[in-house]
1. Please identify every one of the GluC sites (Glu not before Pro) in the stretch 241-283 that sits in a loop by DSSP and has no more than 10 other beta carbons within 10 Å of its own beta carbon.
2. Could you list the square roots of 5 times each eigenvalue of the Cα gyration tensor of the chain, that is, the equivalent ellipsoid semi-axes, sorted largest first and rounded to whole Å?
3. If I fit a long axis through the Cα atoms of helix 38-48 and take the longest principal axis of the Cα atoms of the chain, what angle between them do I get, 0 to 90°, rounded to 10?
4. Note the angle between two axes, namely the Cα long axis of helix 74-84 and the longest principal axis of the Cα atoms of the chain, as a number of degrees from 0 to 90, rounded to the nearest 10.
5. Hey, quick one: spin label on ALA68, modelled 7 Å out along Cα-Cβ, who in the stretch 335-378 has an amide N within reach, i.e. under 16 Å?
6. Which of ALA79, TYR403, GLY273 sits closest to the plus end of the dipole of the chain, meaning its Cα is farthest towards the positive end, when Lys and Arg get +1 and Asp and Glu get -1 on the C-beta?
7. Show me the ranking of peptides 555-565, 307-317, 106-116 by mean Cβ neighbours inside 10 Å, starting with the highest.
8. For SER96 and GLU334 in one chain, what is 0.36 nm times their gap in residues minus the Cα-Cα distance, to one decimal in nm?
Amino acid sequence: MKTSANLSGTAPVATISLDDMRQRIRQKSKLKGRQPDAQSLTELRALVGEAPHQRDLLIEHLHLLNDAWRGLHERHLVALAHEMKIPMAEVYEVASFYHHFEVIRGDDKAPGLTVRVCDGLSCELAGAQDLLQRLPALLGSADVRVIAAPCVGRCEQAPVAVVHQGAVPFATLEKVSQAVAHAASGDAALAITSTPADAAFDPASLAGKSVSPAAQHVALHGAQHLALMPAYVGYDSYRAAGGYQLAARLAAGELQAEAVIRAMEDSGLRGLGGAGFPAGRKWRIVRDQPAPRLMAVNIDEGEPGTFKDRSYLERDPHRFLEGLLVAAQVVGVEACYVYLRDEYHDCRRLLQAEIARLQADPPCVLPRIELRRGAGAYICGEESAMIESIEGKRGEPRMRPPYIAEVGLFGRPTLEHNFETLYWVRDIVQKGAHWFSGFGLNGRKGLRSFSVSGRVKNPGVKLAPAGITVQALIDEYCGGMPDGHALYAYLPGGASGGILPASLNQVPLDFDTLQPYGSFIGSAAVIVLSQQDRARDAALNMMKFFANESCGQCTPCRVGTAKAVQLMQAAVWDNSTLEDLNIVMADASICGLGQAAPNPVRSIQTYFAHEIDESRGSQP
């Protein structure tokens, strides 16, 4: 750069040479930020296809990368941001939010194989901590890592390990070692399933019985292996048994939408994901909203101790799909998004195949059905967080109002339902509302699918009348407790529902019956403890879960759960400080996670004070 003075004697003026100008142009022409390399773009496009890409498919694309490369390399994230035309920061903040995504920096290598050992309460009672301590030395490979994982939804098969994407039920050191060897060799042993085709399944006939099937085994490599999934009712078998006739009649005008809604209302069916909102009323609310309307189905099933949705899905997927079609027709829904828990890999393959068969030979005009995959975030069980995740974002709950019935998925009125709620639609409409409402005990109405695990002889899903007591559930449905064990405490609603003592074993289990005791039924996940367990250990397990699963959006939940974990590990609890945390979390958290996190703490303070106060001794 040169300077010159003009003839009038004024201050010198800067002048720029031609070379300087060219250099500035070259600098400005370079794009800011990290740019994708050709190899990464090629590898990405081989998985997700050519651009353009919908913004809401970000998480689906991250899954494709994660499955193929067993991790998310930064170079692939840069390429994905380029292809989707969104900021790299946005891609990273989504990828780093979900537990099942691991961002691999620079030239770091992805782990060859990951073994996840469930440390949920049911698995912990069955010896998960011993597996976690002994497996690393036994597997003895730097290329295999062993980590703890929150409840994987197979509590009736505790303890459970997951080798890559293959579940190992009733896990032992030997079984996990065999699964690792099969996975390392590329063997398909991890996908052991029984044949679908001509299976028969009538859930209504199981009322008052156990839904979970007896263990089935499959011969492989000269040995017997437990089938991960039982035989299920495929599309042809379902149609042959009268399936989809209800949806077809409704579409043809032979059955009026109003009659269906009345049946739902008269049956008393409430949301079976935990909130318990009356299903028929929800249909009316969303139907009255302006079109286009959408549907979001929650099969995230992340509440510890819950596995009922999986148990029905892996045996009878089309009963659920018909319920979805009926709801879509009645409410006037143009597209349905099914959000399935990522841990349910076999269920995902089943559902993909059966939806394809339904679409290939539809019984009526179908709405668009899209199957979306969770990524390991308990918070996405909350309806607005699930919607954020379906839209390809971090699964953080929304402030309300507006409610998602008015402004939901993609800003449209949205009918949100749990899997099981839709599962019972066909039977209620065809058999009549009185069929469902005719069940019940102790003044309650309807059926409840209880996921029972822990200290019982026969854990599993039990289809029992609403209002049954935990003692009857244990004695009449689970074969009692194991020898040497007696009922000491139970969790009636998973991690969120609190912990009740054996002295309350005659309280009816249903919506609205447990609140006077500082508890609630939620998803009806019942975990049974015996005199060999400590309720405070169960509460600590749950609080660690909440701390790990907090989305971090609101300070009371993010900080409160972590601080509670620290305080709950003391031999004698600081009840005053814990109650301060309880009040702040319950009152100031924006979603159910933080609001329910105090329940296990308060249960111990109320019913098991002898465990946390040395002055009380060891007697309750």
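The values are calculated or read from the model by the stated rules, or taken from the named source; none is laboratory data. Worth saying up front: this structure is predicted, and the values here are computed from it rather than measured. Cβ sites come from the backbone with ideal geometry, for glycine too, and all protein chains shown count toward neighbours. Just the protein is used for accessible areas: all its heavy atoms, side chains included, with ligands, DNA and RNA removed. Shrake-Rupley method; radii C 1.70, N 1.55, O 1.52, S 1.80 Å.
1. The qualifying sites are GLU254.
2. 44, 32, 27
3. 30
4. Approximately 80 degrees, to the nearest 10.
5. No residues fall inside that zone.
6. Value computed over the given set: ALA79.
7. Ranked by mean Cβ neighbours within 10 Å, highest first: 307-317, 555-565, 106-116.
8. Extending this stretch completely gives an extra 82.5 nm.
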